[in-house]
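Report on the structure given below.
We did not get these values from a lab; they are worked out from the coordinates using the rules stated. Bear in mind the structure is a predicted one, so any value in this text is a computation, not a measurement. Here the Cβ is made from the backbone with ideal geometry for all residues, glycine too, and neighbour counts use every protein chain on show.
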Amino acid sequence: MNNSRYSDCGFVPTALLAMFLGGFGIHRFYVGKIGTGILMLLTLGGFGIWALIDYIIVITDGFTDSEGRVISRNQ
């Protein structure tokens, strides 16, 4: 377990997954948010709106993993 405030999940993979497969919630599975990943999968990313919002949050360094650690390009 990492005690840092930054996640072990990479920024680039998270951003790319959110961009290309965000409608399926794959980026949420990648960071360990299984429950919301399933919800995104069932709703096709909240009909695209949730996926777009997630992508914006990822690229602005505000997205967190399942343990609340920031996924940042500036680790």
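Some observations on this one:
- Computed over the alpha carbons of the chain, Rg followed by Dmax gives 11.4, 35 Å.
- Amide N of segment 48-75 lying under 17 Å from the label point, which is placed 7 angstrom from the Cα of SER4 along Cα→Cβ: 61-75
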